[in-house]
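The values are calculated or read from the model by the stated rules, or taken from the named source; none is laboratory data. The shown structure was predicted, so the numbers you read here are calculated from the model rather than taken from an experiment. As a convention, Cβ positions derive from the backbone with ideal geometry for all residues, glycine included, and neighbour counts pool all protein chains shown. Only protein heavy atoms, including side chains, enter the accessible area calculation; ligands, DNA and RNA are left aside. Shrake-Rupley method; radii C 1.70, N 1.55, O 1.52, S 1.80 Å.
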Amino acid sequence: MHTLPDLDYAYDALAPHISEAIMKLHHQNHHQTYVDKLNAALESAPELADVPLQELLARLDDVPENIRKIVRDDGGGHYNHSQFWKWLSPNGGGEPTGALADGLIGAYGSFQAFIDSFDAQATGLFGSGWVWLMPDLTIQTTPNQDSPLMAGGPAPILGLDVWEHAYYLDYTYKRADYIKAWWNVVNWREVESRYVAN
Ligand code: MN3
């Protein structure tokens with residue numbers, strides 16, 4: 001059985017950048033629903049019950065066809081959100097340090113140029129999806145709850161949820177305002193630790 005992970009901080013800890021109301025809905029309702037639907041689908045495939053989620057998403061072709069789309073969408077949603085909460089912190093924001101800072105400056109010319117590139121991908125992504133910073137420091141996007149893992153890629157080291165459920169209560173249609181606020185709660189320590197682990 002897959003389970004909803006606890007947050008490392010209180011629901012109101014990211015306000016005013018991300019409100020308590022959004023965090024509760026996003027974690028208790030949206031994320032819980034992904035977990036519940038994934039578990040329900042896997043009831044018909046007991047051979048997959050003990051496969052770690054990351055491996056399941058990397059081997060979708062091995063998932064029975066009648067539940068493959070559910071595993072893709074809801075398993076992807078469970079995985080992406082489980083990482084997303086760890087990429088946020090009430091003590092976040094600012095700029096990374098060390099090897100990650102050096103890497104981003106090397107790849108983009110400056111930290112601000114990296115932010116600008118990421119923002120352009122995030123505001124330009126049509127519909128619902130995610131923007132990822134990959135271990136090689138390239139930026140990728142995926143639609144829906146897809147993960148780079150599903151295309152045989154590595155796990156992202158940072159990701160931004162640009163589904164409307166992530167921001168509409170606070171920012172209505174103004175996705176760019178949400179993205180700008182989100183940078184204030186990015187947990188760079190977590191991103192750095194994932195970067196140096198690769
Ligand atoms: Mn979401």
Q: Only one of these is open to solvent by less than 30 Å² (accessible area, probe 1.4 Å) and in contact (Cβ under 8 Å) with a residue 40 or more places away in the chain: Asp146, Asp119. Name it.
A: Asp146
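Considering only residues that are more than 14 Å from His2 (Cβ to Cβ) and free of Cβ contacts under 8 Å to residues at least 60 places away in the same chain, look in the range 47-59 and name the one that is farthest from the chain's Cα centre (by Cα). Walk me through it before giving the result.
First, the residues of the range 47-59 that are more than 14 Å from His2 (Cβ to Cβ): 47, 58-59.
In the following step, the residues that additionally are free of Cβ contacts under 8 Å to residues at least 60 places away in the same chain were identified as 47, 59.
Values: Glu47: 27, Arg59: 19 Å.
Step by step, filter the range 47-59, then rank; the result is Glu47.
Might you check whether a residue that is of a type in the set (Gly, Ala, Ser), buried (at least 16 other Cβ atoms within 10 Å of the Cβ) and outside the structural domain of His27 (by TED's automatic domain parsing) occurs anywhere in the range 73-82?
No, the range 73-82 contains no residue that is of a type in the set (Gly, Ala, Ser), buried (at least 16 other Cβ atoms within 10 Å of the Cβ) and outside the structural domain of His27 (by TED's automatic domain parsing).
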(Q) Please go through the range 60-72 and give me each residue that is surrounded by fewer than 15 Cβ atoms within 10 Å (Cβ to Cβ) and under 23 Å from the mean Cα position of the chain (by Cα), ordered by number. (A) Asp61, Lys69
